[in-house]
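**Q** The structure follows.
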Amino acid sequence: IGRKHVAGAVAAARQADNVNPDRVSSGSQFYICIEDASFLDGAYSAFAQVIQGMDTVRELRVGDEITKCELSDRASFVQE
């Protein structure tokens, strides 16, 4: 997909290289970057960007669960 892991990037996780050396799994785990994480570029697929509510993202803690998610195809969004 080619998006960068910048703050607010939404990406798909996969199994670790030691159990998945060909990087062919994806599963259903997702994460949101709370800060830039360029070391993940090319290793995981960032596919969306938080465009509103980063204050809420920054309050997330381990164990929190997403109970609602709204997606938009906002054509006006441009990744820099």
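The values are calculated or read from the model by the stated rules, or taken from the named source; none is laboratory data. Note that the structure is predicted; figures quoted are calculated from it, not measured. When we count neighbours, we look across all protein chains shown, and the Cβ atoms used for this are built from the backbone with ideal geometry, even at glycine. Ligands, DNA and RNA are stripped out before the accessible areas are found, and what is left, the full protein with its side chains, is counted by its heavy atoms. Shrake-Rupley method; radii C 1.70, N 1.55, O 1.52, S 1.80 Å.
One line per residue, one yes/no per condition, for (1) in contact with a His (Cβ under 8 Å, 6 or more places away or on another chain); (2) open to solvent by less than 100 Å² (accessible area, probe 1.4 Å); (3) farther than 18 Å from Cys69 by Cβ:
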{"site": "Val10", "(1), (2), (3)": "no, yes, no"}
{"site": "Arg14", "(1), (2), (3)": "no, yes, yes"}
{"site": "Asn18", "(1), (2), (3)": "no, no, yes"}
{"site": "Val24", "(1), (2), (3)": "no, no, yes"}
{"site": "Gln29", "(1), (2), (3)": "no, no, no"}
{"site": "Leu40", "(1), (2), (3)": "yes, yes, yes"}
{"site": "Phe47", "(1), (2), (3)": "no, yes, no"}
{"site": "Thr56", "(1), (2), (3)": "no, yes, no"}
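**Q** When Ser26 is evaluated against the numbered criteria (1) at pLDDT 85 or above; (2) under 15 Å from the mean Cα position of the chain (by Cα), which criterion, by number, is the only one it fails?
**A** Among (1) at pLDDT 85 or above; (2) under 15 Å from the mean Cα position of the chain (by Cα), Ser26 violates only (1).
**Q** Starting from region 47-58, take each residue that is touching a residue at least 40 places away in the same chain (Cβ under 8 Å) and list its partners that are in a helix (DSSP H, G or I) and open to solvent by less than 80 Å² (accessible area, probe 1.4 Å), counting only C-beta distances under 8 angstrom and pairs at least six apart or across chains.
**A** So the pair list comes out as Val50/Val57.
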